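The values are calculated or read from the model by the stated rules, or taken from the named source; none is laboratory data. Quick caveat, the model's predicted, so the values are computed rather than measured. Neighbour counts are summed over all protein chains in view; Cβ atoms, including those assigned to glycine, are modelled from backbone coordinates with ideal geometry. Accessible surface areas use protein heavy atoms only, side chains included; no ligands, DNA or RNA. Shrake-Rupley method; radii C 1.70, N 1.55, O 1.52, S 1.80 Å.
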Amino acid sequence: MDFDVVVIGGGPGGYVAAIKSAQLGQKVACIEFDSNEDKKIKLGGTCLNVGCIPSKSLLDSSYKFHQITHGLEEHGITLSKPKLELSKMMERKNSIVKKLTSGVSQLFAHNKVTSIHGRGKLIDQNTVEVTDDKGKKKKVTAKNIILATGSRPINIPSVPWNGTTIIGSSGALELTEVPKNLAIIGAGVIGLELGSVWSRLGSKVEIFEAEKEFLPMLDKDVSRVIEREFRNQNLNINLGCSVEGSKKSRKGVTLDINIDGKVDNKNFDKVVVAVGRRPFTENLLSPNCGLELDERGFIKVDDYCKTELDNIYAIGDIVRGPMLAHKAMEEGIMAAERIAGKKMEVNYDLVPSVIYTHPEIAWVGKTEKQLTKENIEYKKGNFPFAASGRALASGESVGLVKVLASKETDEVVGVQIFGNGAAEILQQGLIGMEFAASSEDFGLTMFSHPTVSEALHEAALAVNKQAIHIGN
Ligand code: FAD
Ligand code: NAD
């Protein structure tokens, strides 16, 4: 055999699995090709090249721009009108991506992971065929194989991408001008994050969402506050509508939008399609390799990411569960450890989610809706940031922390946060939940004052009607 472990795909799942396997003493190769969608994806996968990192770079830059134009006056600071240099903002984003992707190559070199350039295909239980850019094929053999080929955006037939006026998320991270009128199809994570970026930079953004309910993964008392705030931010969100067609217009695209049975035509300079992603598994499995895809194109795995073949694992966006980089990375570690004979598990009950709007939306564990469905009795505590001294001092008092705990044991079973710094605050809740902390444990923990994290402390106290800074 050429290698102990061969990983197909160099995204956050694949590169982490490769590094971990090498750290565990295995001889490892990682196969990665430059996949084309809107843009080339290289080592680092979707996350580093066209996902988490470039989107957060633009979110942070656009927020700084927005803050100068809105929100500093109340602090007694007035500035003359800021000038936007979009090309510089994009250059900064590209340089961060380059730094991080070349960092992965350096980590491979440091850990002696062999990097193989080309498209991998599973031929049999121990053989991967690699096709390079010129179509030349070679075979690589391995005792164990980890499949980590990620995902691609879903296209909708009524609004097919053309790469110029109708684009996907990668295209929306590369625009060279701020569109005057921007339509986004899908009010999910990408729609809200990229809608925020372009709205802050001056676009008039309209979002069209098929579902009638906004952010259905959250409880209504939380999603209602979020919807209200986003409307205040001029993110025009239309729920329960379907985009039935699209036509090229003089300046961009005309969309035929069906809202409540009435079809309306609207013109936009650009349209971003963000209606979800699908596993990238085309041509990954040869017909006799011993594995098959499920009906939605995912690879079937058990709780430990092992496929139907004992020595082959599949991780990240190509397997069940949320399509998130941190989930892919944890699965990469688990696959590497299990191949090395260790017993690691991923706690799928506690996968955190964050939408990096401003304020951020972050949640983990169960919602009231899920607890009710599972017949679990619960208690809840909400604490609004409007009652937090630190949030008020910084002028960031929108939103709330919500804590759900079991009625029987007081163990915290869910946290939902909408507010400035929600992602970082959530992590504190998550660590407690990993150790089965009760709401009383959170209540007995001393939090620094004044911090926005105190809102988590107070929400936990509110679960047992013991909050100090709001009425119980
Ligand atoms: P990928 O990152 O997709 O990597 C798979 C790699 O495999 C790719 O590089 C591809 O080129 C390669 N490949 C595919 N087929 C083959 C083959 N046959 N041979 C060789 N190589 C192959 N998640 C978060 O957790 N936080 C965020 O903030 C976040 N923001 C996002 C923003 C956007 C705009 C998008 C699109 C996604 C975002 N995500 C975010 C999701 C995150 O990017 C994915 O969940 C994550 O990248 C999945 O990792 P992966 O390793 O499974 O796959
Ligand atoms: P999503 O699933 O979050 O949202 C897609 C939205 O489009 C849904 O609300 C869905 O109801 C709607 N939709 C589907 N078909 C539609 C149609 N025909 N017309 C109108 N609306 C329609 O997917 P996404 O925003 O494309 O993101 C893809 C994946 O990338 C997600 O799984 C997400 O986890 C991941 N991602 C994560 C982050 C993050 O963690 N911050 C950021 C971006 C993307």
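Here are the numbers for this structure:
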{"quantity": "Whichever residue in the stretch 222-254 is out of contact with any strand residue (DSSP E or B) (no Cβ under 9 Å at 6 or more places or on another chain) and in a helix (DSSP H, G or I) and, among such residues, is nearest to ligand 2 (Cβ to nearest atom)", "calculated": "ARG224"}
{"quantity": "Inter-residue pairs, beta-carbon under 6 Å, first over 27 Å from SER397 (Cβ atoms) and in the stretch 75-90, second open to solvent by less than 70 Å² (accessible area, probe 1.4 Å), 6+ apart", "calculated": "MET89/SER61"}
{"quantity": "Which listed residue is under 30 Å from PRO384 (Cβ atoms) and open to solvent by 20 Å² or more (accessible area, probe 1.4 Å), from ASN283, ASN265, ASN234", "calculated": "ASN234"}
{"quantity": "Selection count where residues are more than 16 Å from ligand 1 (Cβ to nearest atom), of a type in the set (S, T, N, Q), in a loop (DSSP other than H, G, I, E, B) and touching a residue at least 40 places away in the same chain (Cβ under 8 Å), scope the stretch 348-389", "calculated": "2"}
{"quantity": "Residues (assigned to a strand (DSSP E or B), more than 7 Å from ligand 1 (Cβ to nearest atom) and modelled with pLDDT under 95) located in the stretch 15-48", "calculated": "ASN36, LYS40"}
{"quantity": "Within the stretch 174-193, tally of residues that are within 16 Å of ligand 2 (Cβ to nearest atom) and in contact with a Ser or Thr (Cβ under 6 Å, 6 or more places away or on another chain)", "calculated": "4"}
{"quantity": "Sole residue being surrounded by fewer than 24 Cβ atoms within 10 Å (Cβ to Cβ), more than 15 Å from ligand 1 (Cβ to nearest atom), within 23 Å of ARG250 (Cα to Cα) and at pLDDT 95 or above, chosen from GLU206, GLU211", "calculated": "GLU206"}
{"quantity": "Among residues of the stretch 429-462, those that are under 18 Å from GLU408 (Cβ atoms) and of a type in the set (A, V, I, L, M), counted", "calculated": "4"}
{"quantity": "Some residue of the stretch 138-153 being among the polar types (S, T, N, Q) and within 17 Å of SER55 (Cα to Cα)", "calculated": "yes"}
{"quantity": "Matching entry among ASP124, ASP132, ASP219 (being more than 16 Å from ligand 2 (Cβ to nearest atom), in contact with a His (Cβ under 7 Å, 6 or more places away or on another chain) and either in the same structural domain as VAL50 (by TED's automatic domain parsing) or more than 23 Å from SER286 (Cα to Cα) (or both))", "calculated": "ASP132"}
{"quantity": "Test: residue in the stretch 295-305 that is in contact with a strand residue (DSSP E or B) (Cβ under 7 Å, 6 or more places away or on another chain) and open to solvent by 60 Å² or more (accessible area, probe 1.4 Å)", "calculated": "no"}
{"quantity": "Count of the stretch 336-350 residues which are within 16 Å of ligand 2 (Cβ to nearest atom) and open to solvent by 30 Å² or more (accessible area, probe 1.4 Å)", "calculated": "1"}
{"quantity": "All strands (runs of 3 or more DSSP E) inside the stretch 86-181 with 1 or more residues being open to solvent by 50 Å² or more (accessible area, probe 1.4 Å)", "calculated": "114-117, 119-124, 137-147"}
{"quantity": "Among residues of the stretch 454-469, those that are open to solvent by less than 20 Å² (accessible area, probe 1.4 Å) and more than 12 Å from ALA405 (Cα to Cα), counted", "calculated": "4"}
{"quantity": "Number of positions in the stretch 422-448 that are crowded, with 18+ Cβ neighbours inside 10 Å, closer than 18 Å to LEU392 by Cα and free of Cβ contacts under 8 Å to residues at least 24 places away in the same chain", "calculated": "0"}
{"quantity": "Conditions (1) within 16 Å of ligand 2 (Cβ to nearest atom); (2) buried (at least 20 other Cβ atoms within 10 Å of the Cβ): number failed by ALA405", "calculated": "(1)"}
{"quantity": "Unmet criterion (only one of (1) open to solvent by less than 50 Å² (accessible area, probe 1.4 Å); (2) farther than 26 Å from LYS56 by Cα) for THR451", "calculated": "(2)"}
{"quantity": "Scope the stretch 172-191; condition within 11 Å of ligand 1 (Cβ to nearest atom) and in contact with a strand residue (DSSP E or B) (Cβ under 7 Å, 6 or more places away or on another chain); matching residues", "calculated": "ALA172, VAL189, GLY191"}
{"quantity": "Residues of the stretch 313-335 that turn out to be closer than 12 Å to TYR348 by Cα, in a helix (DSSP H, G or I) and either open to solvent by 40 Å² or more (accessible area, probe 1.4 Å) or in contact (Cβ under 8 Å) with a residue 60 or more places away in the chain (or both), as a count", "calculated": "4"}
{"quantity": "Flag for SER388 being over 27 Å from the mean Cα position of the chain (by Cα), over 10 Å from SER439 (Cα atoms) and open to solvent by less than 30 Å² (accessible area, probe 1.4 Å)", "calculated": "yes"}
{"quantity": "Criterion (within 26 Å of the chain's Cα centre (by Cα), away from ligand 1 (no atom under 14 Å from the Cβ) and over 30 Å from GLN26 (Cα atoms)) met by exactly one of SER61, SER57", "calculated": "SER61"}
